[in-house]
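We did not get these values from a lab; they are worked out from the coordinates using the rules stated. None of these values were measured; they are calculated from a predicted model. With ideal geometry, Cβ positions are generated from the backbone for all residues, glycine too; neighbour counts draw on all protein chains shown.
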Amino acid sequence: ERVGVAAAFAWSQFLLLLGFAGQTLATAAAIAVGRQKLRWTSAVHHMERSGLDAVPIVCLLSFLVGAVVAFLGATVLADFGAQVFTVELVSFSFMREFGVLLTAILIAGRSGSAYTAEIGMMRAREEIDAIRSLGLDPIELLVIPRVLALLVMLPALSFLAVLSGILGGALVGGTALGISPGLFLARMQETAELRHFLVGLSKAPIFAVLIALVGCLEGLKVRASAESVGRHTTSSVVQSIFLVILFDAIAAIFFMEIDL
């Protein structure tokens, strides 16, 4: 019975997210044709908070993961005398998967939860009802700027994460594996392909929309209690990370099937 109830609840939440995505898309279309207004000040503010302020933690984590991947890869490849292939391992994994995936998970935990808490507190204090009573659209005012901010900043953060991860791998290669920076760059230039980077970066806008929509929707579900804010913030992070990994797996299978 519990499994059935959980499955029914998950399906209803999926339909709710789908409807919310359609409503957001309709509002974005109305803004595009000039019937509604884009709040540029709010969008730039969220770009700074969600993007620029996240640069240090994204770069640091990617750098450390790049170093770990290089060290573990070299440990395995050393048995075959192929430590130089660590360059391909680091560059391929970060350009195609780790760069955008690590960034999306970090942003889901950092910015997605913040979106839920902010909108949730507005909901608890009845500010959303006040916005509606003034004849304003909460989606235009609160959701669209946050979606736009992540759409712009997540690809940029993913690019920085790729660079940081490769830098971490190069540092380990130079200090522990005997692969000089010149050899690392030359090997990477010979073997790395632009298509891997484009495949990885193409997933960033999808992840950005998912994280922003889930964060805002969970905030709008909050009821007038602190316990509700905490519960929906937790739900926002869990759903965002789950959807990011799910869509990443689907994208990996899709690109593999089309040989890209």
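Points worth noting:
- Shown here for the range 20-121: trypsin sites (Lys or Arg not before Pro) in loop regions (DSSP other than H, G, I, E, B) with at most 11 other Cβ atoms within 10 Å, namely Arg35.
- Cα shape, the range 161-209, gyration tensor, a/c 1.5 rule: oblate
- Cα gyration tensor category, rounded, prolate or oblate, for the range 21-67 with a/c compared to 1.5: prolate
- Furthest towards positive pole of dipole, Ala251, Leu15, Ala124, structure part the chain, Cβ charges: Ala124
- 20 Å cut-off, amide nitrogen to a point 7 angstrom out along Met256 Cα→Cβ, residues in the range 83-114: 88-102
- MRE, 222 nm, helices only [DSSP H, n ≥ 4, -39500 (n - 2.57), over the chain, to nearest 500]: -26000 deg cm²/dmol
- Förster-model FRET efficiency, 51 Å R0, Glu48 and Ala78, C-beta, rounded to 0.05: 0.70
- Cα centroid separation - the range 6-30 against the range 45-72, whole Å: 30 Å
- Between Ser202 and Ser133, the distance separating the two model label sites (each 7 Å from Cα on the Cα→Cβ line) works out to 4.9 nm.
- Of the DSSP H helices in the chain, those with a Cα length along their own long axis of 20 Å or more and a mean Kyte-Doolittle hydropathy reaching -1.0 comprise 2-32, 55-77, 144-176, 204-220, 226-257.
- Label corresponding to Cα extents along the principal axes in Å when calculated from the structure given, among (1) 69, 48, 37; (2) 86, 38, 30; (3) 57, 45, 38: (1)
- About the centre of its Cα atoms, the chain shows a dipole size close to 600 debye [charges on the beta carbon of Lys, Arg (+1) and Asp, Glu (-1) only; nearest 20 debye].
- Peptide ranges 79-85, 122-128, 97-103, 63-69 listed from the most packed, as the mean C-beta count within 10 angstrom indicates: 97-103, 63-69, 122-128, 79-85
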